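The values are calculated or read from the model by the stated rules, or taken from the named source; none is laboratory data. As the structure is a computational prediction, the values presented were derived from the model and not from experiment. Counting neighbours? That spans all protein chains shown, and the Cβs are built from the backbone with ideal geometry, glycine included. To get the accessible areas, we keep the full protein, side chains included, count just its heavy atoms, and leave off ligands, DNA and RNA. Shrake-Rupley method; radii C 1.70, N 1.55, O 1.52, S 1.80 Å.
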Amino acid sequence: GVTRLLLTRIPFFKEIIVSSFSCASCSWSNTEIQAAGRIQEQGVRYTLAVTSRQDMNREVVKTDCASARIPELDFEIPAFSQKGVLTTIEGIIDRAVAGLEQDQPARRAADKEVARKIDEFIGKLRQLKEVSSPFTFILDDPSGNSFVENPQAPQRDEALVVTRYRRSPQQCALLGLEGEEVDAKPPAAAEDLRDEVLQFNTNCPECNAPASTNMKLVQIPHFKEVIIMATNCDSCGHRTNEVKSGGAIEPQGTRITLRITDPSDMTRDILKSETCSVEIPELEFELGMGALGGKFTTLEGLLRDIRDLVEKNPFTLGDSSTPSRTGKLQQFLGKLQDVKGKAQAHFVMDDPAGNSYLQNVYAPEEDPELSVQRYERTFEQNEELGLNDMKTEGYEPEPASGR
């Protein structure tokens, strides 16, 4: 047979390799995908409540290292047991059924009881395609390169929960990532990095050419210190910047609400951390944690990044889109453009870590259009931030009592 390879660049998934195999003798064909870009900084877990036949048609990108689970049947497709594929939820179930049926003739000859149980399980998998009763589909990818379609984009999908998490050492080893080496030498006490721009070598996230990243510690007035990192690629011209919090996680979460009433509000400085979600209630729009990463920009700059993120999503534009979805998307982009100039709206930033900031132009006086609310984090929010397993007191080992 013949295998054809295509290296293509998708804005949402960076670069992927699409391979297609076909056999002229038996007419068997197969398609696979492989991630050609970098492994993401965090893993991702998609939890979808499947309640209708339309949910079975959702597009799914499943990489080699992703695992798929259906808790109601205690069914799991382990990581690295299948090649990466671009399919639907129904396609994943069909692929699992085909894999189980492949060796059934040999099982019936060797052990009829095991073959009978597998036949019963195959029947349960086929019943799932009819969606006679709701079930849960979980896609967990430590590399962060898998995806489950949101047909209501850019609005929030109540049936789909996206969780980003830090990889465990076992998951890093599974992906072939080396652990960070701990420097035993403490830094000098007199060393101050506030006036220095540090530079280290890295690779361009777009073309993978050698590039350099500049890093600087900056003090934001009336807030805290942050670390700004900027990368500029001389090969392809790609430029990017990212912001990391320079301090600890705050004791309480922060919810910042700005009532946009004037075009001058677009010039307010914004620090959006990786753990911050953004919401515009008038547009029924919500941007989850981890999307767009950490940014230090203006309100206009953040809205422009949101527009670019929505426009470049291949699942809402191009061959895979529908006229109704495209019209809905254009209507949303028009409303988003109105927020920048004419329409009044509320801009909400919710950061459980408390490391986000929106400029108060009346500082140190109170801003009548800006409200900052601090709240106690829930157990789920502490779990996402890794605080539930963090022990800061009483962790020292007790000395052995001698006689």
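Here is the link list: LYS62/LYS83; LYS224/LYS391; LYS312/LYS340; LYS244/LYS391. Which ones come out longer than 18 Å on Cα distance?
LYS224/LYS391; LYS312/LYS340; LYS244/LYS391
Within the chain, what is the longest stretch that has no GluC sites (Glu not before Pro) placed in a DSSP loop and near at most 13 other beta-carbon atoms within 10 Å?
42-129
On average over all directions, what projected area in square nanometres does region 204-354 have, based on the convex hull of its Cα atoms?
10.7 nm²
Can you work out ³J(HN,Hα) from phi for every residue in region 282-297, in order, using Karplus 6.51 cos²θ - 1.76 cosθ + 1.60 and θ = phi - 60°, giving whole Hz and x for Gly and Pro?
5, 9, 6, 10, 9, 10, x, 4, x, 5, 6, x, x, 9, 10, 8
Return the ratio Rg/(2.2 N^0.38 Å) for region 1-95, where Rg is computed over Cα atoms only.
Relative to the 2.2 N^0.38 Å estimate, region 1-95 comes out at 1.20.
Given the protein chains as shown and a 1.4 Å probe, how many square angstrom of ARG259 are accessible, to the nearest 10?
The accessible area of ARG259 comes to roughly 90 Å².
So for region 41-175, considering every pair of alpha-carbon atoms, how many percent are separated by more than 23 Å?
Distances greater than 23 Å cover 37 percent of the Cα pairs.
Which order do you get for CYS172, CYS233 if you rank them by accessible area with a 1.4 Å probe, largest at the top?
CYS172, CYS233
Kindly sort ARG95, ARG268 by accessible area of their heavy atoms, largest first, with the probe set to 1.4 Å.
Heavy-atom accessible area, descending, gives ARG95, ARG268.
Is it possible to state the helix-based mean residue ellipticity at 222 nm for the chain, with each DSSP H run of 4+ residues giving -39500 (n - 2.57), the sum divided by total residues, to the nearest 500 deg cm²/dmol? What is it?
Per the formula, -6500 deg cm²/dmol.
For the chain, what is Rg from Cα atoms divided by 2.2 N^0.38 Å, rounded to two decimals?
On the way: Rg = 24.8 Å, N = 403, 2.2 N^0.38 = 21.5 Å.
It is 1.15.
Past the 30 Å Cα-Cα mark, which pairs from LYS129/LYS335; LYS295/LYS335; LYS216/LYS335?
Those over the limit are LYS129/LYS335; LYS216/LYS335.
Using the Cα centre of the chain as origin and beta-carbon charges of +1 (Lys, Arg) and -1 (Asp, Glu), tell me which of SER245, PHE285, PRO134 is placed farthest towards the positive end of the dipole.
PRO134
What do you get for the angle between helix 323-341 and the principal long axis of the chain? Use alpha-carbon atoms, 0 to 90 degrees, nearest ten.
Approximately 10 degrees, to the nearest ten.
Using a Gaussian network model of the chain with C-alpha springs under 10 Å, which one of VAL44, VAL361, VAL162 is most mobile by mean-square fluctuation?
VAL361
When only C-alpha pairs under 8 Å and at least 6 residues apart count, what is the relative contact order of the chain, in percent? Provide the component values of the computation, followed by the final result.
Numbers: 682 pairs, mean separation 57.7, N = 403.
In percent, rounded to a whole number, it is 14.
If the elastic network links every pair of Cα atoms under 10 Å, which of SER133, SER146, SER19 fluctuates the most in the Gaussian network model of the chain?
Comparing SER133, SER146, SER19 in the GNM, the peak value goes to SER133.
How large are Rg and Dmax for region 199-250 when only the alpha carbon atoms are used, in Å?
Considering region 199-250 through its Cα atoms, Rg and Dmax are 13.3, 40 Å.
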